[in-house]
2 protein chains.
Amino acid sequence: MTETPRSPVQHNGIRHVDTRTASQTGMRRQNLAVVLGTVAAHAELSRADVAGHTGLTRAAVSSLVDELIAAELVREGPMTSSGRAGRPGRTLALNDSGPAGFGLEIGVGHLGACVVDLRGEVRVWRRVERANAHRDPANVLAALADLAAAARSEAELLGLRPQSPMLSVPGLPGPGMLTHAPNLGWHDVPIATLWPGPDTPTLENEANLGALAELWAAHAPTNFLHVSAEAGIGAALIIDGRLYRGSRGYAGELGHMPVHPNGPRCTCGSRGCLELYANQEAVLHAAGLPEPTATDPVTALTDHIRAEHPGALDAIERAGDALGIALAGAIGLFDPAAVILGGAYAELGPWLLPRIRSQLETRLTVRPFDPETVTASPLGRRGPILGAALHTIQRILRNPASLG
Amino acid sequence: MTETPRSPVQHNGIRHVDTRTASQTGMRRQNLAVVLGTVAAHAELSRADVAGHTGLTRAAVSSLVDELIAAELVREGPMTSSGRAGRPGRTLALNDSGPAGFGLEIGVGHLGACVVDLRGEVRVWRRVERANAHRDPANVLAALADLAAAARSEAELLGLRPQSPMLSVPGLPGPGMLTHAPNLGWHDVPIATLWPGPDTPTLENEANLGALAELWAAHAPTNFLHVSAEAGIGAALIIDGRLYRGSRGYAGELGHMPVHPNGPRCTCGSRGCLELYANQEAVLHAAGLPEPTATDPVTALTDHIRAEHPGALDAIERAGDALGIALAGAIGLFDPAAVILGGAYAELGPWLLPRIRSQLETRLTVRPFDPETVTASPLGRRGPILGAALHTIQRILRNPASLG
């Protein structure tokens, strides 16, 4: 499974490698991924079936499968007859007690930990409601590290081997650093330095992870715009099945898109930003709900809407209109195949979607867009932490040799 | 230079090719491009210099250079001493009288034809002012075909071999078809069928070609947003050095981004679209200038602004503010490394840029953006037709074997 690193020789700016060796190493790595992907995509496959699906020889498949079994990525069942004449064999499956993806999450009002197995199934799920905004980061990280250790122990009891965790954060991450998380009130927090323990997580923005979770766990198309809300509003663009980060890693800012440019002043210094009409604080305030609410604020809001509290209905419709105006601009520019509402917006979909769609119908006429392609995510508020945990699984499936 | 097409064998959805042959064919094709690119990037190179630059053997370089000379892509000068001991040789250069790029253009108020040589130098340039809006497409295409034939003859007298033309259109092209060109008043015009002659052009949107011209001829970065104006407003996104087309080819619609969502009614049915404040008609109208103007409308406008005509100054500032609001949203979403104003906006840059930059400075504070990275294109209104002509040159430089 290991591979000797080879240094390409730099010569006048043109890269030269021993292409024969490179192509053989690359070929085996690729074939490992092809075999693993074939096992992942089908139930009850034998080695002979894998050879049939991939066009690889049975000898090559056997050698690759042995390598995947040794790495605990694939397991082999007992000898069975498949019912097809002359093709008895052991069935292959992704190992559900091998390497696992490990996601952690810091929200404004909670901490989370999640372990998924190679099949993408959630096996451990822990969530603690806890006010983190404006708290000492070292204190928050200590609580999260405890939660992570408990989740790891639980996973290990299930025979899983959680890999290095990825941490979903409501802000902009730099290397080992949470640069800017306005809703936590944190700036330049050195997460890697403050982390109390050996399992230092990699950081990623929650909106980005929410979008990737749609791609990996919810059958989203390969070009879409994902818009989510927790305390703030986050957006992420998936282009050709990959997260688009922009030239400086700042892509996906939708919350401060000007919706009513001469509107009220925003905390950012601009006027009439989307967040003034559609973030949690704005909607709760417009709905006449106190903040902090007694229950979870999204639940409090949906309860009020269901009770047809006029303030709550007006507030959610105003938010839907503002989202529709912002999305009309975003869709015109980006031409996504779908727009997916995630996070709290997914739960508010029944009331947001009609207003959003109506705005899009009126505003997007030159290059037509079907308003029904705006939908609520089936993952909802679980998206970001699922994305964090699935990130590792995707890396392993794409390149089994990357497993340490 | 020709290559026998090989059909990959499809087997259970996995593609199998004779990888050895494929990689050798691919390698030679790639090396042809590397040698051609090396010749393009340096002046006064000998075959030995090319070998030094690329790390290829002198024998391989000679064989590749011979192939490029036979295809008329490279020419070899007389035997010279390079001044460096022991390295006399013939110098190599891109052939400035070989295959050439051929761009055509239909604008609302003009037709154009342009031929560029392999070095990207403009060698033939023809432009005819002519009102095309709401005219019979067959009639307009007949005039364009005459212009194209004259440009081709002129190029051939210079020893150039213009390749199949690419036609820049102010609208959305489909295959052989101009689907929607609102400012021409054309819908579903079958250009390929109506074209009177053998040299049927390929269609491409003018905003897309303007953006590509910035990339190829004006040293733009590899991620940028290009915004241009002729009669309408066009935008195009370049991501990682490639044009981003969106999921249905509709990406880059900026003209109907809502700027003041409760503003006046737009012809598209929406309200407060950018075009209502910043397209040619809106600016001329706000400036109190009659349309059609006696001279070119952009020249008429800049004359009025220079004369400090208050209506004209107000109109251009209002357009700059609207552009700044729309760009604040677009930059937040895409995080481009630059924003380039092309077409008529480039000529209006001195008056538009201060207002645009001021809007961006106020509105983009969470994820900082340097307003000075918004600049006016050095290509201006020549962008789209240059992009059309350079398209062929880029294809040849990337894959010399693609030359027919």
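The values are calculated or read from the model by the stated rules, or taken from the named source; none is laboratory data. Please read these numbers as outputs of a predicted model, since none were measured by experiment. Neighbour counts are summed over all protein chains in view; Cβ atoms, including those assigned to glycine, are modelled from backbone coordinates with ideal geometry.
Side notes on the structure shown:
- B:G98 vs. criteria at pLDDT below 95 and within 26 Å of B:I396 (Cα to Cα): yes
- Any hit, the range B:119-130, residues being under 21 Å from B:A401 (Cβ atoms), assigned by TED's automatic domain parsing to the domain that holds B:G171 and in contact with a strand residue (DSSP E or B) (Cβ under 7 Å, 6 or more places away or on another chain): yes
- Residue match in the range A:379-393 (condition: surrounded by 24 or more Cβ atoms within 10 Å (Cβ to Cβ), within 14 Å of chain B (Cβ to nearest Cβ) and closer than 23 Å to A:Q280 by Cα): no
- Only one of A:R367, A:R363 that is farther than 30 Å from A:T299 by Cβ, of a type in the set (K, R), surrounded by 24 or more Cβ atoms within 10 Å (Cβ to Cβ) and not assigned by TED's automatic domain parsing to the domain that holds A:V74: A:R363
- Scanning the range B:267-278 finds one or more residues that are free of Cβ contacts under 8 Å to residues at least 60 places away in the same chain, touching a Lys or Arg at 6+ places or on another chain (Cβ under 6 Å) and under 20 Å from B:G185 (Cα atoms).
- Candidate set from the range B:359-404 (those that are touching a helix residue (DSSP H, G or I) at 6+ places or on another chain (Cβ under 7 Å) and hydroxyl-bearing (S, T, Y)); member that is nearest to B:L160 (Cα to Cα): B:S402
- Among residues that are within 12 Å of chain A (Cβ to nearest Cβ), under 26 Å from B:G101 (Cα atoms) and β-branched (V, I, T), B:I239 is included.
- Pairs are defined by a Cβ separation below 8 Å, a sequence spacing of at least 6 or placement on different chains, a first member in the range A:354-377 that is more than 13 Å from chain B (Cβ to nearest Cβ), and a second member that is basic (K, R); the pairs so defined are A:P371/A:R357; A:E372/A:R357; A:V374/A:R357.
- In the range A:384-404, the residues that are without any contact (Cβ under 8 Å) to a residue 60 or more places away in the chain and not basic (K, R): A:S402
- Restricted to the range B:32-59, and to residues there that are aliphatic (A, V, I, L, M) and surrounded by fewer than 16 Cβ atoms within 10 Å (Cβ to Cβ), the residue that is nearest to the other protein chains (Cβ to nearest Cβ) is B:A41.
- When residues of the range B:298-341 are limited to those that are touching an Asp or Glu at 6+ places or on another chain (Cβ under 7 Å) and modelled with pLDDT under 95, the one nearest to the other protein chains (Cβ to nearest Cβ): B:V298
- Test result for B:A300, closer than 20 Å to B:L353 by Cβ and either in the same structural domain as B:L254 (by TED's automatic domain parsing) or surrounded by fewer than 21 Cβ atoms within 10 Å (Cβ to Cβ) (or both): no
- Single match in A:V140, A:V169 (criterion: closer than 17 Å to A:F102 by Cβ, surrounded by 17 or more Cβ atoms within 10 Å (Cβ to Cβ) and more than 14 Å from chain B (Cβ to nearest Cβ)): A:V169
- Every listed requirement among (1) of a type in the set (A, V, I, L, M, F, W, C); (2) under 17 Å from B:L237 (Cα atoms); (3) over 27 Å from the mean Cα position of the chain (by Cα) is met by B:A337 save one, (3).
- Residue within the range A:211-229 that is away from every other protein chain (no Cβ under 12 Å) and among the aromatic types (F, W, Y) present: yes
- Only strands (runs of 3 or more DSSP E) whose full extent lies in the range A:156-255 are considered here, and the ones with at least 1 residues that are of a type in the set (G, A, S) and over 18 Å from A:I340 (Cβ atoms) are A:172-174, A:177-181.
- The conditions of being over 15 Å from the mean Cα position of the chain (by Cα) and either at pLDDT 95 or above or assigned by TED's automatic domain parsing to the domain that holds A:G255 (or both) are not met by A:L212.
- Qualifying residue in the range B:315-324 (condition: among the β-branched types (V, I, T) and under 20 Å from B:E275 (Cβ atoms)): yes
- Some residue of the range A:116-128 being away from chain B (no Cβ under 14 Å), in a helix (DSSP H, G or I) and under 30 Å from A:Q24 (Cα atoms): no
- Among the residues of the range A:253-285, those that are buried (at least 18 other Cβ atoms within 10 Å of the Cβ) and more than 14 Å from chain B (Cβ to nearest Cβ) comprise A:Q280, A:A282, A:V283, A:L284.
- Residues in the range A:190-207 include at least one that is crowded, with 21+ Cβ neighbours inside 10 Å and among the polar types (S, T, N, Q).
Here's the yes/no breakdown for (1) out of contact with any Ser or Thr (no Cβ under 8 Å at 6 or more places or on another chain); (2) part of a loop (DSSP other than H, G, I, E, B); (3) acidic (D, E):
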residue: A:I305; (1), (2), (3): yes, no, no
residue: A:L327; (1), (2), (3): yes, no, no
residue: A:P336; (1), (2), (3): no, yes, no
residue: A:I340; (1), (2), (3): no, no, no
residue: A:Y345; (1), (2), (3): no, no, no
residue: A:L352; (1), (2), (3): yes, no, no
residue: A:I356; (1), (2), (3): yes, no, no
residue: A:V366; (1), (2), (3): yes, yes, no
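- Remark: pairs (first residue in the range B:216-241, surrounded by fewer than 21 Cβ atoms within 10 Å (Cβ to Cβ); second residue assigned to a strand (DSSP E or B); Cβ separation under 6 Å; 6+ apart in sequence or on different chains) = B:P221/B:A338.
- Of the residues examined, B:M166 is not one that is more than 18 Å from B:A389 (Cβ to Cβ), within 21 Å of the chain's Cα centre (by Cα) and not assigned by TED's automatic domain parsing to the domain that holds B:G349.
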